[in-house]
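Step one of this worksheet: look at the structure below.
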Amino acid sequence: MDRRQFIKRSSQAAVGLAFVGRPRWLFASPASPAATSKILDFSVPSSPSLPQIAVARGGPPGKMVTDAVAALGGVERFIRKGDRVVVKPNVSWDSSPELGADTHPDVVAALVTLCLKAGARQVVVLDHTIDEPRRCFARSGIGPAASAAGGRVEFQGTRNFRDVTLGEGISTWPVMTALFEADKFINLPVVKSHSLSTLTAAMKNLYGIAGGTRSRLHRKIDESIVALANFVRPTLVILDAVRVMIRNGPSGGGAADLIHPHVIAAGTDQVALDAFAATLLGARPEDVGHIRLAHKKGLGEMDYKKLRIKHINSV
């Protein structure tokens, strides 16, 4: 089964389940003795004098990352000397950078450089990929770019996960052990369309911290996305909208699926950033199920225009 067949069949399964009532899979597994319900909160205090979202436009990807983080108060606001930082780009697909299926490698490299300059002890770049991990990290350019910047690329084996209780009806699910060993967590998604969730940006990117048979999570995708977003509160979110896949996501098909906004948006409110990302696809935030649900749960602000936003020309 290839990627498109997988997504199509998952979508058909989700539609089918909508007609047979609440799926039992979410409630079938009792919590294992090793499972933990601890919320991983990596967030930093807010500052009323600083923007809550910074939007950089028009420059090279790395410069836009640097400008956006500077506008939020500088990387030192988020990273302390000696921190072990986990960076989670989207590296799901064995796809080249110009096709926009994965985070832009220059965005990853710029962030790794910033963290190390702030005194991070180690910057670990990882993802639980869909295609074969070594091919994904190589072809996307993220592996070489992260390593050249001084980051440590880690591939996830089956033993690199720990059972946790996620909530939202999901009894237990394996989550990357690396997160439990981190001091800070930075979510670094690419913005693109998704055939099941409409949008994949900050919150949907958290699927990549999960192990197990993730197609099961697709059966109730909005609730699953919100469960992960509730479980992991990132230090910082940086949206890569250098190029945005507006159709055939999440894997895409070709260059014709893309637009090129040349935008990097950063902040700490993952709901607000997803709402902003939705507009880049021409969607209303309130029409995206997981954004609406996360806002209702109190995880962030769906009306991102209510927040303090700073716009930057990075040219």
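The values are calculated or read from the model by the stated rules, or taken from the named source; none is laboratory data. Since we're looking at a predicted model, the values are computed, not measured. Please note: Cβ atoms are built from the backbone with ideal geometry, for glycine as well, and neighbour counts cover all protein chains shown. Side chains included, ligands, DNA and RNA excluded: accessible areas come from the protein's heavy atoms. Shrake-Rupley method; radii C 1.70, N 1.55, O 1.52, S 1.80 Å.
Using a/c under 1.5 as the rounded threshold, could you call the chain rounded, prolate or oblate? The axes a ≥ b ≥ c are square roots of the C-alpha gyration tensor eigenvalues, and prolate needs a/b larger than b/c, oblate otherwise.
rounded
Expressed as a whole number of Å, what is the distance separating the alpha-carbon centroids of the range 275-289 and the range 82-109?
So the two Cα centres are separated by 22 Å.
Going by alpha carbons, how many degrees (0 to 90, nearest 10) lie between the helix axis of 221-231 and the longest principal axis of the chain?
50 degrees
What's the ranking of 194-200, 264-270, 80-86 by average number of surrounding C-beta atoms within 10 Å, highest first?
Descending packing order for the listed peptides: 264-270, 194-200, 80-86.
Let me know the charge dipole size of the chain about its Cα centre in debye, to the nearest 20, where only the beta-carbon of Lys, Arg (+1) and Asp, Glu (-1) is charged.
Dipole of the chain, to the nearest 20 debye: 320 debye.
Between residue 159 and residue 181, what is the label-point separation in nm under the 7 Å Cα-to-beta-carbon projection?
In this crude label model, residue 181 to residue 159 measures out at 1.2 nm.
So, for the chain, what is the accessible surface per residue at a probe of 1.4 Å, expressed in square angstrom?
On a per-residue basis, the chain sits at 41 Å².
Taking a cut-off of 20 Å between Cα atoms, list the aspartates and glutamates near residue 297, but don't count ones fewer than 8 places away on the same chain.
Filter leaves 41, 168, 222, 223, 269, 274, 286, 287.
Of the heavy-atom accessible surface of the range 160-225 (probe 1.4 angstrom), what whole percent is carbon and sulfur?
36 percent
Considering only DSSP beta bridges with both partners in the chain, what is the antiparallel share in %, to the nearest 5?
In the chain, approximately 45 percent of DSSP beta bridges are antiparallel ones.
Take the residue pairs 184/305; 117/184; 38/192; 38/88 and return only those whose Cα atoms are more than 23 Å apart.
Flagged as over cut-off: 184/305; 38/192.
Quick check on the range 96-206: of the DSSP beta bridges with both residues there, what percent are antiparallel, nearest 5%?
Of the beta bridges lying entirely in the range 96-206, close to 75 percent run antiparallel.
Apply the a/c threshold of 1.5 to the C-alpha gyration tensor of the range 39-182 and tell me whether it is rounded, prolate or oblate.
oblate
Quickly estimate the mean residue ellipticity at 222 nm for the chain, helices only: each DSSP H run with n ≥ 4 gives -39500 (n - 2.57), and the total goes over all residues, rounded to 500.
Theoretical 222 nm ellipticity from helices: -8500 deg cm²/dmol.
State whether the range 153-231 is rounded, prolate or oblate according to the following rule on the C-alpha gyration tensor (a ≥ b ≥ c being the square roots of its eigenvalues): a/c under 1.5 gives rounded; otherwise a/b larger than b/c gives prolate, and the remaining case gives oblate.
oblate
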